[in-house]
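Below is one structure, written out as structure tokens; comments come after it.
The values are calculated or read from the model by the stated rules, or taken from the named source; none is laboratory data. Fair warning: this is a prediction, and the values are worked out from it, not measured in the lab. We place every Cβ from the backbone using ideal geometry, glycine too, and count neighbours over all the protein chains shown. These accessible areas exclude ligands, DNA and RNA; they are computed on the full protein's heavy atoms, side chains included. Shrake-Rupley method; radii C 1.70, N 1.55, O 1.52, S 1.80 Å.
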Amino acid sequence: DASMYAHYLFNAFDTAQNGSVKFEDFVMALSILLRGTVHEKLRWTFNLYDINKDGYINKEEMMDIVKAIYDMMGKYTYPVLKEDAPRQHVEVFFQKMDKNKDGVVTLDEFIESCQE
């Protein structure tokens, strides 16, 4: 089921946050994802994970994205995923990314961690 992930992806493409994606927004995002610099791609990805657009990724937002990704993978994966796999994934993400241990990941922390 890709519906939740599609919802988050749509919101990342909807740069005006008005419930619609202009062709220009779509092409701009594809250009970044296909031909952008590493920094531009990471900034775009951060925007995807920052669901409420407050400039931070918190554990709840990351859990929502990770669950959506796991939903797309389906229940019948090999090896079989454990029930708490999304939570464990989020914990590992925050151990690596939350450099100052304040419970949120900033754009700078995200970019720095991804480039390491």
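Worth a mention:
- Screening the candidates Lys22, Lys99 for the property of being in contact with a helix residue (DSSP H, G or I) (Cβ under 6 Å, 6 or more places away or on another chain), surrounded by 13 or more Cβ atoms within 10 Å (Cβ to Cβ) and modelled with pLDDT of 90 or more yields one hit, Lys99.
- Among the residues of segment 50-61, those that are within 14 Å of His89 (Cα to Cα) and free of Cβ contacts under 8 Å to residues at least 40 places away in the same chain comprise Glu60, Glu61.
- Restricting attention to segment 19-56, the residues being among the polar types (S, T, N, Q), under 28 Å from Pro86 (Cα atoms) and either assigned to a loop (DSSP other than H, G, I, E, B) or in contact with a Pro (Cβ under 9 Å, 6 or more places away or on another chain) (or both) number 1.
- Any hit, segment 67-75, residues being over 28 Å from Asp1 (Cα atoms) and open to solvent by less than 40 Å² (accessible area, probe 1.4 Å): no
- You will find that of Gln17, Gln88, the residue that is out of contact with any Phe, Trp or Tyr (no Cβ under 7 Å at 6 or more places or on another chain), modelled with pLDDT under 90, of a type in the set (S, T, N, Q) and surrounded by fewer than 14 Cβ atoms within 10 Å (Cβ to Cβ) is Gln17 and no other.
- For the residues Ile57, Ile69, Ile32, the requirement of being of a type in the set (Val, Ile, Thr) and at pLDDT below 95 singles out Ile69.
Conditions (1) polar (S, T, N, Q); (2) over 22 Å from Asp108 (Cα atoms), marked per residue:
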| position | (1), (2) |
| --- | --- |
| Thr15 | yes, no |
| Asn18 | yes, yes |
| Val38 | no, no |
| Leu42 | no, no |
| Asn52 | yes, no |
| Val66 | no, no |
| Gln88 | yes, yes |
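- In segment 57-79, the count of residues that are outside any helix (DSSP H, G or I) and under 15 Å from the mean Cα position of the chain (by Cα) is one or more.
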